[in-house]
Amino acid sequence: MAKRNIIPRSIAEVVQLSESSPSGLRWKKPESNRLKPGTVAGCYLQSKGTYVIRHRGKTYLNHRVMFFLRHNRDPGLLQLDSDGRAAVSKPFR
């Protein structure tokens, strides 16, 4: 799985939140010429059951990027419990 890198502020310049995207993100300004603005950002890792996105040579988990875009801060040790509510009692390992 992708390492939990700190989300850089520059990521907000290239992706945006999207409820219609299966990954939850769409490209605003793709870093690759192969991609077009408005297309789904990220790729699905079936083995891990999550989407990831590449930005400036690093891999980020899409749900962490989405948290950053919504709250304008890195999620840090934030972890969701089984009900989908924030639970910070257990740090990531």
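Want the number for Glu13 to Asn33: 0.36 nm per residue separation, take away the alpha-carbon distance, what's left? Walk me through the numbers before you get to the answer.
Details: separation 20, 0.36 × 20 = 7.20 nm, distance 1.61 nm.
Using 0.36 nm per residue and subtracting the Cα-Cα distance, I get 5.6 nm.
Starting with the highest mean, order 36-49, 5-18, 56-69 by the number of other Cβ atoms within 10 Å, averaged over the residues of each peptide. Don't skip to the end; give the middle numbers.
Numbers: 36-49: 13.1, 5-18: 15.1, 56-69: 18.1.
My ranking of the peptides, most packed first, is 56-69, 5-18, 36-49.
For Gly38, what is the net charge nearby, where nearby means another residue's Cβ is under 12 Å from its Cβ and Lys, Arg count +1, Asp, Glu -1?
After counting each charged neighbour, the total is +4.
What does the net charge come to around Glu19 if you take all other residues with beta carbon closer than 13 Å to its beta carbon, with K and R at +1 and D and E at -1? Provide the component values of the computation, followed by the final result.
Working: positive: Arg26, Arg70; negative: none.
Counting the neighbours of Glu19, the net charge comes to +2.
Rank these by accessible area, largest first, 1.4 Å probe: Arg73, Arg34. Numbers along the way, then the final one.
On the way: Arg73 125, Arg34 215 Å².
Solvent-accessible surface, decreasing: Arg34, Arg73.
Got a number for carbon plus sulfur as a percent of segment 1-78's accessible area, 1.4 Å probe?
On the way: 2500 of 5020 Å².
Heavy-atom surface of segment 1-78 belonging to carbon and sulfur, 1.4 Å probe: 50 percent.
Quick one: accessible surface of His71, probe radius 1.4 Å, all protein chains present, in square angstrom to the nearest 10.
His71 exposes around 100 Å² with every protein chain in place.
The values are calculated or read from the model by the stated rules, or taken from the named source; none is laboratory data. As the structure is a prediction and not an experimental result, all values here were calculated from the model. Because the Cβ atoms are built from the backbone with ideal geometry, glycine has one as well, and the counts that use them run over all protein chains shown. Accessible surface is based on the protein model in full, side chains and every heavy atom, while ligands, DNA and RNA are left aside. Shrake-Rupley method; radii C 1.70, N 1.55, O 1.52, S 1.80 Å.
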